[in-house]
Amino acid sequence: MIEAERLMLRYPTGKVALSGVSLRIEPGEFVYLTGESGAGKSSLLRLIYGGVRPTSGSMRVHGLDMRQVKETKVRELRRRIGIVFQDHKLLFSRTVFENVALPLRVQGWTTERLIPRVRKVLEYVGLADRLWAYPEALSGGEQQRVAIARAMTANPPLLLADEPTGNLDIDTARLVLDYLVGLNRQGTTVIMSTHDLHLLESHPARIVQLHAGALVGGAA
Ligand SMILES: Nc1ncnc2c1ncn2[C@@H]1O[C@H](COP(=O)(O)OP(=O)(O)O)[C@@H](O)[C@H]1O
Ligand SMILES: [Mg+2]
């Protein structure tokens with residue numbers, strides 16, 4: 001699903017965020033991406049969804065060469081990737097329904113078709129009764145569960161979660177992790193960055209560790 005060879009990313013500021021990263025991730029895996037703040041976790045996830053392009057080396061995602069691929073192909077790729085961020089990025093002026101519906105709205109789904117699908121993914125995260133609420137009426141943990149529902153809406157084969165539990169208490173964090181693990185058991189490849197090592201103990205899985213932009217473990 002993901003193949004990187006001697007991947008290097010230098011930002012326009014000159015900062016080298018990643019260098020010499022070689023990594024393979026197979027379909028169906030659950031992978032933790034760990035490392036200190038500034039280690040390059042978000043940068044690696046950004047490379048995977050085409051938010052930035054590799055400076056050198058190679059990177060293939062779903063068979064696409066991420067150095068050469070055209071922007072239109074990147075947009076297509078993104079429809080097959082669900083993304084959850086630490087600060088969830090929900091739209092506060094829209095209902096939970098509209099937030100979760102968004103990935104399929106952009107694909108032209110009508111409201112009639114959307115309602116059962118949105119209800120189903122909200123049921124998965126235990127929030128089907130909050131369909132018409134606004135995000136500000138929800139707790140931080142509930143908002144993050146809505147963000148997971150939104151990332152699932154289009155049923156993507158790959159889900160990237162960038163410190164999705166960073167702002168949550170430990171019980172809520174475990175719950176969020178449980179949802180991601182459940183999705184993985186249904187076949188979704190999940191890559192989750194975290195620096196919360198306690199969390200990893202509740203669901204042991206492959207750990208890919210970055211330090212100062214280089215891999216220090218878990219490459220194979
Ligand atoms: N847009 C950017 N422009 C320049 N430097 C950046 C940018 N984003 C991140 N960096 C730098 O790249 C390094 C890796 O950052 P990041 O991938 O965010 O690490 P992590 O997610 O592990 O905390 C850091 O030194 C950070 O300051
Ligand atoms: Mg980060």
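The values are calculated or read from the model by the stated rules, or taken from the named source; none is laboratory data. Note that the structure is a prediction, hence the values are computed from the model and not measured. Cβ sites come from the backbone with ideal geometry, for glycine too, and all protein chains shown count toward neighbours.
The residues on offer are Phe85, Phe97, and the sole one that is of a type in the set (Phe, Trp, Tyr) and closer than 30 Å to Met8 by Cα is Phe85. Of the strands (runs of 3 or more DSSP E) lying entirely inside segment 1-119, those containing at least 3 residues that are in contact with a Gly (Cβ under 7 Å, 6 or more places away or on another chain) span 2-10, 16-25.
Looking across Gly28, Gly38, one residue alone is within 16 Å of ligand 2 (Cβ to nearest atom) and loosely packed, with under 15 Cβ neighbours inside 10 Å. It is Gly38.
Put simply, of Val61, Val74 the only residue that is closer than 24 Å to Gly217 by Cβ and either under 19 Å from the mean Cα position of the chain (by Cα) or away from ligand 1 (no atom under 12 Å from the Cβ) (or both) is Val61.
Evaluate the following for Val208: is it out of contact with any Cys (no Cβ under 7 Å at 6 or more places or on another chain) and either more than 16 Å from ligand 2 (Cβ to nearest atom) or polar (S, T, N, Q) (or both)? The answer is no for Val208. Pick from segment 12-38 the residues that are out of contact with any Ser or Thr (no Cβ under 9 Å at 6 or more places or on another chain) and near ligand 1 (Cβ under 6 Å from one of its atoms): which of them is nearest to Leu180 (Cα to Cα)? Among those that are out of contact with any Ser or Thr (no Cβ under 9 Å at 6 or more places or on another chain) and near ligand 1 (Cβ under 6 Å from one of its atoms), it is Ser37.
For first residues located in segment 150-165 and within 16 Å of ligand 2 (Cβ to nearest atom) and of a type in the set (S, T, N, Q), partners that are in a loop (DSSP other than H, G, I, E, B) and modelled with pLDDT under 95 and lie 6+ apart or on another chain with Cβ distances below 9 Å form the pairs Thr165/Gln86; Thr165/Thr194; Thr165/Asp196.
Of the candidates Val96, Val52, the single residue that is out of contact with any strand residue (DSSP E or B) (no Cβ under 6 Å at 6 or more places or on another chain), within 16 Å of ligand 2 (Cβ to nearest atom) and either on the phi < 0 side of the Ramachandran plot or modelled with pLDDT of 95 or more (or both) is Val52.
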